[in-house]
Amino acid sequence: MGIMVWMLQLVTCFIIFFGQPSLSVDYSPPPTVLMGSSTLNKHHLVVIVTEYPVSTKIKRNTTGYIVGMEGVSPLILDWLSHRYKFNYSILDINAPPRPLQTLEARGPNNPGIISYAVGGECDAIIAVIQPTPFRLRQLEFVHPWLYTPIAFIIPMPEVSQNNIDALIKPFQFWVWMALILAIASVIVTLSLLKRFLKTTSLNITSVSINENSFIYVIGTLLNQGGYISNTMTPIRLVVGAWCFLLLVLLNVYNGTLISYVMATVHALPLINSYKDVSDSHILLVVNRGLGPDIVLSTAESGFYKTMGDKLLAHSKSRCNSTRQCVELVKSLPAKYVYLDGEVTLKAAIQEDYRQTGQCKLTIAAKNEDGNLGQGWGMAKASPYREKFNRGILRLHEMGLISTWQKWFEPNTRPCLNDNKDKRKAKNRKKKQLSRISLANLTGAFTVLGIGFLISLLVFLIEKAVFLWKTNRVLVV
């Protein structure tokens with residue numbers, strides 16, 4: 001009897017595990033999740049929601065079922081549903097184990113999110129969509145709610161331990177030129193005055209070699225002091241003017257010098273503007289099939305056409321995920337730059353810092369004049385498009401969208417702070433004072449070493465000249 005029960009259980013398990021159809025896109029339609037519902041509302045919308053920084057973050061339980069959403073788009077959708085009295089549910093096309101869907105089609109298991117709107121399976125696509133010619137033929141676009149400048153992620157410039165130029169940075173180039181001119185003028189003036197006063201047969205104490213004008217000017221300039229015994233008024237006026245000039249210059253120089261000595265010196269960034277990307281040693285990467293890729297690939301002339309040709313020329317230029325693009329940017333030698341909207345780039349920097357605990361990325365070449373207007377898409381001839389447009393314009397007018405964006409903007413500190421992120425200001429730690437190290441004094445010691453070598457060279461020359469003269473006298 002026990003054997004029969006055991007065999008029956010084995011057959012049952014075989015039927016359960018091997019007799020059921022597999023969970024695939026072909027056999028399991030995407031589930032629909034009811035989110036906003038009220039018995040007073042007569043209209044019902046089916047929407048597709050995709051994740052994007054600031055816009056939407058979907059929360060799922062352990063089985064993959066949607067239990068909530070956060071971001072600007074859910075807040076806008078909820079506000080619109082209350083304003084215009086409609087219910088809505090989510091067509092969860094990305095529910096596990098289904099593959100992640102993109103806007104355009106990418107094969108039999110990825111028909112593309114746009115196809116659901118074209119086929120009438122959903123009323124709206126709640127995503128951050130950049131209009132392109134192809135998308136404009138397939139969808140109706142709602143008034144943009146997100147405006148983000150395009151920019152590049154580049155490797156964080158390394159901190160340079162070489163601050164030799166810190167000694168010359170306190171003054172600008174023309175200040176140094178004026179100082180050199182002043183030194184030469186004072187030396188020439190003192191020398192000419194001494195000669196002139198002697199030739200006029202005035203009662204002047206002879207000046208020894210220790211009171212050489214050049215030695216006096218250079219000595220006072222280097223804070224070594226100096227002495228001139230001559231008490232004649234013309235010479236004292238020149239010396240007094242020189243000392244007053246040094247009093248001002250040396251105090252200004254020393255007060256500014258410490259800032260440059262303690263400053264953190266970074267190497268030059270990989271690019272400074274978007275035009276630098278056209279250089280042959282810079283490689284551009286973008287997310288495959290998204291807005292930047294489509295715009296650059298379809299460009300027919302101008303700078304965008306140049307960038308599109310660069311994408312086609314390199315096999316790694318199109319990434320399947322943001323993480324893949326970030327890893328290329330971090331690879332050595334540094335030659336990759338990642339193009340996307342600033343919101344996406346900030347989210348990538350935040351995620352990389354969470355994983356590594358280090359600031360290895362930064363944003364460069366941000367184009368403030370090229371803000372991309374992005375928003376939702378709807379099925380053609382949708383009766384809700386006009387209401388959505390009016391609602392989003394009303395939210396912009398009230399300032400709610402900008403307020404919500406600040407709530408969900410990626411926090412990129414300490415790697416990047418554009419002085420607009422004021423969140424958690426009261427919890428900021430006081431910046432610790434830095435102590436002067438030998439690395440900070442590299443420039444000073446370098447100049448000291450060069451001066452020592454020059455002094456040694458002058459000493460050897462003087463010694464050689466002295467020995468040559470001595471031998472010459474002995475021979476004579």
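Please treat every number below as a calculation from the coordinates, not as lab data. Nothing here was measured: the structure is a model prediction, and the numbers come from that model. Here the Cβ positions follow ideal geometry from the backbone for every residue, glycine too, while neighbour counts run over all protein chains shown.
Ranking D92, D123, D78 by Cβ neighbours within 10 Å, fewest first, what do you get?
Final ranking by Cβ density, sparse to dense: D78, D92, D123.
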Would you kindly work out the equivalent ellipsoid of the range 246-381 from its C-alpha gyration tensor and give its semi-axes, the square roots of five times the eigenvalues, largest first in whole Å? 37, 18, 17
For G64, other-chain or 5+-apart residues with amide H closer than 5 Å (H placed, Pro excluded) are none
Charges only on Cβ, +1 for Lys and Arg, -1 for Asp and Glu: so what's the dipole of the range 98-202 about the Cα centre, in debye to the nearest 20? 920 debye
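Extension gain R60-N251, at 0.36 nm per residue separation less the Cα-Cα distance, in nm?
Values: separation 191, 0.36 × 191 = 68.76 nm, distance 6.41 nm.
Full extension from R60 to N251 adds 62.4 nm.
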Tell me, Y65, Y216 in order of fewest to most beta-carbon neighbours within 10 Å? Y65, Y216
Sum up the charges of everything whose Cβ sits under 12 Å from the Cβ of G71, counting Lys and Arg as +1 and Asp and Glu as -1, but leave G71 out. -2
